[in-house]
1. Take the residues in segment 442-466 that are within 17 Å of the chain's Cα centre (by Cα) and hydroxyl-bearing (Ser, Thr, Tyr), then tell me which one is modelled with the highest pLDDT.
2. Against the condition more than 30 Å from Asn410 (Cβ to Cβ) and either under 27 Å from the mean Cα position of the chain (by Cα) or surrounded by fewer than 21 Cβ atoms within 10 Å (Cβ to Cβ) (or both), how does Asp124 come out, does it pass?
3. It is to be established whether one or more residues within segment 486-496 are within 19 Å of Ala264 (Cβ to Cβ) and surrounded by fewer than 19 Cβ atoms within 10 Å (Cβ to Cβ).
4. Hey, which of the strands (runs of 3 or more DSSP E) in segment 351-454, taking only ones fully inside, have at least 1 residues that are assigned by TED's automatic domain parsing to the domain that holds Ser117?
5. If you scan segment 209-263, which residues turn out to be more than 22 Å from Ser304 (Cα to Cα) and in a helix (DSSP H, G or I)?
6. Looking at segment 249-262, can you tell me whether even one residue there is over 28 Å from the mean Cα position of the chain (by Cα) and at pLDDT 95 or above?
Amino acid sequence: MKKLIALLMVAVLAIGCIGCAGNGGNSTGGNSTSTTSQATNTSTGTTSQAGDTSQAQNPDDPYAAGNFSYPMDKIELTINKDETDRSTIPSWVTDNHLYWEDTVAEATGVTLKMIGSASNPMEDSEAFTVMLSSLQYPDLIQCNWLTHKGGPDGAIADGVIIDLSQYTQYFPAWYQIIQDNPDTYKKWVTLDNGGLYNFPCIVLASPTGTGWSIRKDYLDQVGEQVPVTLEDWHRVLTKFKDQLGLPAPITFEWRWLFLEYAAAGLSNPFGTCYPFYVQDGKVVFGPTTENYKNFVEMLRTWASEGLLDPDILQVDKKTVESKVTSNKAGLALQQIRNTQNCMIADHSEQPSFELVGVTAPVMNAGDSIEFGHYVNAYTGGISISISTQCKNVPAACRYLDWGYTEEGHNLHEYGKEGVTYTKAADGTITLTDLIKNNPETPDAQAARYYVGYFRNHAIICDDPYAHFSDAVLDIASKFYSNQQSHAIPTLVYTDAENEAIREFTAIDATSRNAIADFVMGNRDMSEWDAFIDGIKADGIEDVVKAYQSALDRYNAR
């Protein structure tokens, strides 16, 4: 597992300033990073003070450097989150006092009071909008301001949240991290005017969580090796159909053609993907290229030859799992968690069942894999800001900063040392069987969420796959690409840019429907140009221009 995480970290960290795609609701992107020290930078501060000496100490300020230590005196802070139904928490968590809210409160001195009105990670919820309209705000606000009308600048100007740049002495751990990483963390969370607006949730090693796996036992039966080129893929899929009689030689959820670059590996041989990507510094909408048209023609051919799952427009993740494990599909695109479900399913009726990872296809052996699944390390979602009505801003800063210290990072990521994880002398962390093999909570990811909020809080999560088996991680090691070099980072948009980008909602729906019709043979390829002319009339070029201008500002920071 350590080897895989290192591999994934290199993929995330070695990029530079052009990263992954897009605005919140369109799931168009991912970030880049510049230094392999990011994971260790989560422990910039010590457990007590996180070591800020850059600003003058005030002997009368209990939160100032030199005076401060955790835990604080008991403090309650309100936040717009929905309260957990504690009756659903399993006994192994409650009996051992492991629930993350309680352990964090014990370590920091801060108890969170959940008031509801939770916002969605990539868009405002109705309840959140009502809360803002009431002009009554909690101390802490969890919201993706990048997708909020007016953006973070508007939220500050409207008096909803504070500009944190004047309070840096109270979050020395996080502030040191962003100072140490000017081309990544600092760029991601800094506004064009230099202001700071949130404590972010950043998930490293996550860009490769979805990829291809193939039935190795089927390959053995048809005398084939793991396919590499597009020609190999076609030959193997044809044998799966003709020799094994598989009704769905290749299957995946149709949505993955359009979200998170998840199926971008399939269009990799054509040098394009959906939706937006960066080529030579210019933003491109994939379907407007001739290469994407050629990719759609290939899918259309596969569908007509019976290689593409005939139910591809309807299948969900459970259906894909079922087809992989029930002798119906041989090659599948899935999230890593669903791949693991396939591996641990009951295979008593097919004891030779074996899944192995497959890299995205290339046109010619030796070609690089440029396109594939990729998600921003920072999307703006799950992050927490401090409201203008916060009763104790220094305490709120100290509370949120704790998540970026070593102690806070480890508790959020793994739970309680010696109980849910162990730490070797060389620093290697291993989850215990209480997480990975717990009969009361057999889903290791669910078990992990009880003891640490590792992907849903204001922290840097750099080990999101720790709960998976080595066999699954070996498959995931094939889910790599250079997508980060072709993607748009999480950006801050002007009102005019946001207005243009909102037009993509309708264009996206039109494009998805058209692509489905072309692939399934319901629309002749001779109509492709008319489809492109239609989305141009709907404003796709204005959308591209909006992304380009925001990207240019980002790169100029």
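1. Among residues in segment 442-466 that are within 17 Å of the chain's Cα centre (by Cα) and hydroxyl-bearing (Ser, Thr, Tyr), the one modelled with the highest pLDDT is Tyr449.
2. Numbers: more than 30 Å from Asn410 (Cβ to Cβ): yes; either under 27 Å from the mean Cα position of the chain (by Cα) or surrounded by fewer than 21 Cβ atoms within 10 Å (Cβ to Cβ) (or both): yes.
Judged against the criteria, Asp124 is a match.
3. Of segment 486-496, the ones within 19 Å of Ala264 (Cβ to Cβ) are 486-490.
Of the ones still in play, those that are also surrounded by fewer than 19 Cβ atoms within 10 Å (Cβ to Cβ) are none.
No, every residue in segment 486-496 fails to be within 19 Å of Ala264 (Cβ to Cβ) and surrounded by fewer than 19 Cβ atoms within 10 Å (Cβ to Cβ).
4. On the way: elements: 355-358, 384-386, 421-423, 429-431.
Of the strands (runs of 3 or more DSSP E) lying wholly inside segment 351-454, those with at least 1 residues that are assigned by TED's automatic domain parsing to the domain that holds Ser117 span 384-386, 421-423, 429-431.
5. Residues satisfying the conditions are Lys216, Asp217, Tyr218, Leu219, Asp220, Gln221.
6. Yes, there is a match, as at least one residue in segment 249-262 is over 28 Å from the mean Cα position of the chain (by Cα) and at pLDDT 95 or above.
Residue-by-condition table, conditions (1) surrounded by 21 or more Cβ atoms within 10 Å (Cβ to Cβ); (2) assigned by TED's automatic domain parsing to the domain that holds Asp533; (3) of a type outside the set (Lys, Arg):
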| position | (1), (2), (3) |
| --- | --- |
| Asp280 | no, yes, yes |
| Val284 | yes, yes, yes |
| Asp309 | yes, yes, yes |
| Asp316 | no, yes, yes |
| Lys323 | yes, yes, no |
| Gly330 | yes, yes, yes |
| Ile344 | no, yes, yes |
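Conditions (1) over 28 Å from Pro489 (Cα atoms); (2) touching a helix residue (DSSP H, G or I) at 6+ places or on another chain (Cβ under 9 Å); (3) free of Cβ contacts under 8 Å to residues at least 24 places away in the same chain, marked per residue:
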site: Glu349; (1), (2), (3): yes, no, yes
site: Val358; (1), (2), (3): no, yes, no
site: Phe371; (1), (2), (3): no, yes, no
site: Tyr378; (1), (2), (3): no, yes, no
site: Asn392; (1), (2), (3): yes, no, no
site: Arg398; (1), (2), (3): yes, yes, no
site: Tyr404; (1), (2), (3): no, yes, no
site: Asp433; (1), (2), (3): yes, no, yes
site: Tyr450; (1), (2), (3): yes, yes, no
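The values are calculated or read from the model by the stated rules, or taken from the named source; none is laboratory data. Every value quoted in this text rests on a predicted model; they were computed, and no experiment measured them. As a convention, Cβ positions derive from the backbone with ideal geometry for all residues, glycine included, and neighbour counts pool all protein chains shown.
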